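**Student:** Can you read through this structure? Questions will come right after.
The values are calculated or read from the model by the stated rules, or taken from the named source; none is laboratory data. Predicted, not measured: the structure shown is a model, and the values here were computed from it. Ligands, DNA and RNA are stripped out before the accessible areas are found, and what is left, the full protein with its side chains, is counted by its heavy atoms. Shrake-Rupley method; radii C 1.70, N 1.55, O 1.52, S 1.80 Å.
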Amino acid sequence: MLFVFAGLYFVFGRFIVNRIMKKNTYYAITNERILIINTYSNGRKKGIVTTNIANISTETVSYDKNGIGTIIFGKLPYMMHLNYGMEIFEGTSHGNIKAFFDIDNVEKVFNIYKKAKYQLKESN
């Protein structure tokens, strides 16, 4: 029976979990940090992950023809996959990897990040 439930999760459940997680996740960029804010379904804050922009050494942007995309802050280790609904098996920590997933107009958001990074670099 356990194998049946595991199989159902791999086929269907992971997409449902991923959708719920995305619905309750918010992203922000300040002049010094990126923030990932997770909430419960009722809107109560679950947790906030922050990273100093100055500590981000590499970024990757990918997007589709509609302008929806992902920004990955940091270098992904070999064979690490994010945003597939399998994160519950990997734990909540991906080391120094932070990402904004399925962002509308991702180029605009990335430009906001790059501007903040440039201004931070110039002020130091």
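**Student:** Give the accessible surface of the range 11-61 per residue, rounded to a whole number of Å², with probe radius 1.4 Å and ligands, DNA and RNA excluded.
**Tutor:** 70 Å²
**Student:** Among the lysines, which have Cα under 21 Å from the Cα of LYS65 when same-chain residues fewer than 8 positions away are ignored?
**Tutor:** Those lysines meeting the cut-off are LYS22, LYS108.
**Student:** Using 18 Å as the Cα-Cα cut-off, could you pick out the over-long pairs in LYS75/LYS121; LYS23/LYS46; LYS45/LYS117; LYS75/LYS115?
**Tutor:** Among LYS75/LYS121; LYS23/LYS46; LYS45/LYS117; LYS75/LYS115, the Cα-Cα distance tops 18 Å for LYS75/LYS121; LYS45/LYS117; LYS75/LYS115.
**Student:** Report the full-extension gain for the segment ASN31 to GLU59: residue separation times 0.36 nm, less the Cα-Cα distance, to one decimal in nm. Spell out each step's value before the answer.
**Tutor:** On the way: separation 28, 0.36 × 28 = 10.08 nm, distance 1.67 nm.
Contour length minus Cα-Cα distance gives 8.4 nm.
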